[in-house]
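J.: I'd like to ask you about the structure that follows.
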RNA sequence: GGUGGCAUAGCUCAGCUGGAUAGAGCACCUGCCUUCUAAGCAGGCGGUCCUAGGUUCGAAUCCUAGUGCCAUCACCA
């Protein structure tokens, strides 16, 4: 049981007995490091109910608690802050209770209602870049955190496999491809297709320039360039089901999927269900017809269908074109409904999409609510800031992107260089080393991205590589490895870790701090889930590791003469490493036995 | 112009529902490897919490106005 829960009632009781007043609530905070104590009761808010000097009130409540509550062994009052020293017994009891719990902090029984988490959702005309990495890591991690908080989770993505952008790559490949394939070039499929997307843009710009020279207005030229017109024709053919276009489309998308699969595998993310835009882009039209009948939407004279959101402070939004074709919004409405049909237990959805689409999702959610779906109350746009380079925004067409595959390779080789310099891995085989380098490199990258609050934008400077020291993934992995080393030695020297510490024992201050930090893990997971924020997990694990390293430095673990104390320290170390492991698992980061 | 987000140390970031002297890491400077892995630990240097008002016993945190950066406001996706 949480110490605050115990104290809350006792403080209220104290106030009732001493001052004959009822407190609506008690405000607690962890005692700051510079003061003696573990939990602090803030006296100021009580002044509304109890008249008097805050210091005296604090003294009186403190005396009461020390006398009446076993867990409170001492107290002191500074200004209006009542600092309570919680007894070692309490912490020892707590630790004895959780030390052998294998899934400590995780809520393993899942709720009856499920949540679907969508992330990645790339276009199939170009390779994944750093922006997708942030998206993937965030989506994956939030899905894992929701699971750990007790939710059932489906991971999904919608693949934008149709549209003019695909046709551009296809057309360029037809024209300039010379039959290139991933097989005959050795290029990854998504890279190959991406090259033709760039090739299209180049040809397109050249045509515009030529037309401008011939006296055509630049805007006009941009609309009328023959290669663009041809791409548009290709899209029409695709929509008409033209055999040649369809088979080319299938072939090139197949290349891209194979490439993506490899990237996802390297990144360590996965999906339970895939949706393809080519299957879903016609969805939603019936719903619009329905909504028209209900009066949620209205039709303009030209036949286009709209929703009026001016009452909600937004504007009017189109949901169906005048020619009856679907827009992005139509499709998203349809897809959401389809998902609930596919998985009837879904009571909420999380969309991992960049903050440039904040407005779109605001409107989408509002429409779904107006259509009366109960699950529409539980939709969340996991909006995150862009990853920008010092030079500005990344643009695929202009080649100013940090490629996902390249970056992961870079991270791994940096990890290798650092590791070789330190030279601690003599007994490792070549294969084991490769696994470790990747683990550390990816750990650095994932932690670097996930420790930042999702809604803040990230400035990524490729010139300055991601750190491996300080507040970083490798720092935490290193601490884990160090603990594993201790645990191996403890096993060799037959330290009995099954013993339970006597509740009358005294704790070293560092031991106490560690237990306090371990105690926070379960609530941190819940907080991270409620806020859709892996950053909270990252920061928590960092604090835990800082605390452990300080403990490690100050007290001897295996050198401790007292067998009971030694056992406790080994147990504490083991628990810390377990929490690191589960915390990092929620971030999609693996931990090594040695490094 | 309307709307939304962000602004904290030279740099990268924490700071939960308002609470004590605003915290980490990097960088720079000192110490600590004959003792459990120095990718570590201990310490130093470094702050107009964007600005101005307001609410409060108390504001980096809440409110208002302004400034700067980003996004968005298409019968594009």
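Read-outs throughout are calculated quantities, based only on the coordinates presented, and are distinct from any laboratory measurement. Being a predicted model, the structure only gives us computed values, none of them experimental. Please note: Cβ atoms are built from the backbone with ideal geometry, for glycine as well, and neighbour counts cover all protein chains shown.
J.: Would you mind checking the range A:64-82 for residues with the amide N under 15 Å from a putative spin-label position 7 Å along Cα→C-beta of residue A:13?
T.: Backbone N within reach: A:64-73.
J.: Further question on the same structure: Could you order peptides A:556-564, A:42-50, A:7-15 by the average number of other Cβ atoms within 10 Å of their residues, highest first?
T.: On the way: A:556-564: 12.4, A:42-50: 16.1, A:7-15: 18.6.
Result, highest mean Cβ count within 10 Å first: A:7-15, A:42-50, A:556-564.
J.: Sticking with this one: Nearest 500 deg cm²/dmol is fine: what mean residue ellipticity at 222 nm does chain A get from its DSSP H runs of n ≥ 4 alone, each adding -39,500 (n - 2.57), divided by its residue count? If you can, show how the numbers build up before the last one.
T.: Numbers: 21 runs with 319 residues, N = 595.
Dividing the helical sum by the residues of chain A leaves -17500 deg cm²/dmol.
J.: Full extension from residue A:561 to residue A:210: what is 0.36 nm times the residue separation minus their Cα-Cα distance, to one decimal in nm?
T.: Working: separation 351, 0.36 × 351 = 126.36 nm, distance 8.54 nm.
Answer, rounded to one decimal: 117.8 nm.
J.: For residue A:463 and residue A:422, what is the calculated FRET efficiency with R₀ set at 25 Å and r taken between the beta-carbons, to the nearest 0.05? Let's see the in-between values first.
T.: On the way: r = 24 Å, r/R0 = 0.96.
Calculated value: 0.55.
J.: If you don't mind, there's one more thing I want to ask. If I model chain A as equal point scatterers sitting on the Cα atoms and use the Debye formula, what is log10 I(q)/I(0) at q = 0.07, 0.10 Å⁻¹?
T.: Result of the Debye calculation: -0.59, -1.02.
J.: log10 I(q)/I(0), Debye, Cα-only the range A:148-248, no solvent, q = 0.10, 0.18, 0.25 Å⁻¹?
T.: Debye intensities relative to I(0), on a log10 scale: -0.39, -0.91, -1.30.
J.: Rank by packing, highest mean first: peptides A:219-225, A:163-169, A:442-448, with packing defined as the count of other Cβ atoms within 10 Å averaged across residues.
T.: Peptide ranking by packing, descending: A:442-448, A:163-169, A:219-225.
J.: Determine the relative contact order of the range A:535-595: mean sequence separation of Cα pairs under 8 Å and six or more apart, normalised by residue count, in whole percent.
T.: Working: 26 pairs, mean separation 26.8, N = 61.
Result for the range A:535-595 is 44 percent.
J.: Order of A:524, A:89 from fewest to most other C-beta atoms within 10 Å?
T.: Details: A:524 22, A:89 17.
Ascending Cβ contact count within 10 Å gives the list A:89, A:524.
J.: Given R₀ = 51 Å, what would the calculated FRET efficiency be for residue A:44 paired with residue A:164, taking r from the Cβ atoms and rounding to 0.05? Kindly include the intermediate steps, with their values, before the conclusion.
T.: Values: r = 62 Å, r/R0 = 1.22.
Between residue A:44 and residue A:164 the formula returns 0.25.
J.: Something else now. What's the center-to-center distance, using Cα atoms, between the range A:552-566 and the range A:165-185 in Å?
T.: Here the two parts' Cα centres lie 65 Å apart.
J.: While we're here: Calculate the length of the line joining the C-alpha centroid of the range A:229-252 to that of the range A:380-421, in whole Å.
T.: 33
J.: Hey, with R₀ at 30 Å, roughly what FRET efficiency would residue A:315 and residue A:286 work out to, going by the Cβ-Cβ distance, to 0.05? Each step should come with its number before you reach the end.
T.: Working: r = 25 Å, r/R0 = 0.84.
Once the sixth-power term is evaluated, E becomes 0.75.
J.: If you line up the long axis of helix A:226-239 against the longest principal axis of chain A, both from Cα atoms, how many degrees apart are they, to the nearest 10?
T.: The helix A:226-239 is inclined about 70 degrees to chain A.
J.: If you don't mind, another one. Could you tell me the relative contact order of the range A:48-169? Use alpha-carbon pairs under 8 Å, at least six residues apart, and round to a whole percent.
T.: Details: 132 pairs, mean separation 26.2, N = 122.
Contact order relative to length: 22 percent.
J.: A follow-up question, please. Could you work out how far apart the two model spin labels at residue A:175 and residue A:471 are, taking each label as a point 7 Å from the Cα in the direction of the beta carbon, and quote it in nm?
T.: 5.0
J.: Based on other C-beta atoms within 10 Å, arrange A:548, A:81 from fewest to most. Could you put the intermediate results ahead of the total?
T.: On the way: A:548 26, A:81 20.
With the fewest neighbours first, A:548, A:81 line up as A:81, A:548.
J.: Sort A:387-393, A:588-594 by packing, meaning the average of other beta carbons within 10 Å per residue, with the highest value first. Please list the in-between numbers first.
T.: On the way: A:387-393: 13.6, A:588-594: 19.7.
Ranking the peptides A:387-393, A:588-594 by packing returns A:588-594, A:387-393.
J.: Please report how far the C-alpha centroid of the range A:44-101 lies from that of the range A:119-142, rounded to the nearest whole angstrom.
T.: A separation of 48 Å, based on Cα centres.
J.: Can you give me the relative contact order of chain A as a percent, contacts being Cα pairs under 8 Å and 6 or more apart? Display every interim value, and only then the final one.
T.: Working: 881 pairs, mean separation 87.2, N = 595.
Answer for chain A is 15 percent.
J.: Quick one: give the max-minus-min coordinate of the C-alpha atoms of the range A:388-486 along each principal axis, largest first, in Å.
T.: Extents along the principal axes, in whole Å: 47, 27, 17.
J.: Hey, another quick one. Between 0 and 90 degrees, rounded to the nearest ten: what's the tilt of helix A:3-19 against the longest Cα principal axis of chain A?
T.: Helix A:3-19 sits at roughly 60 degrees to that axis.
J.: Sticking with this structure for a sec: Return, ordered by residue number, the residues of the range A:471-496 whose backbone nitrogen is under 18 Å from a label point located 7 Å along Cα→Cβ of residue A:456.
T.: Backbone N within reach: A:471-473.
J.: Still on this structure, please answer the following. Quick one: order A:380, A:132 by neighbouring beta-carbon count within 10 Å, fewest to most. Intermediate values should be presented prior to the final figure.
T.: Details: A:380 16, A:132 21.
Ranked by crowding around the Cβ, least crowded first: A:380, A:132.
J.: Does the range A:232-346 come out rounded, prolate or oblate by the C-alpha gyration tensor, with a ≥ b ≥ c the root eigenvalues, rounded set by a/c under 1.5 and, if not, prolate when a/b is larger than b/c and oblate if not? Can you show the working numbers first?
T.: Numbers: a/c = 2.50, a/b = 1.50, b/c = 1.67.
In terms of gyration-tensor shape, oblate.
J.: If each of residue A:262 and residue A:526 carries a label point 7 Å out from its Cα toward its Cβ, how far apart are those two points in nm?
T.: 4.6
J.: In degrees between 0 and 90, to the nearest 10, how far off the longest principal axis of chain A does helix A:521-531 point, with axes built from Cα atoms?
T.: In chain A, helix A:521-531 runs at an angle near 30 degrees to the longest axis.
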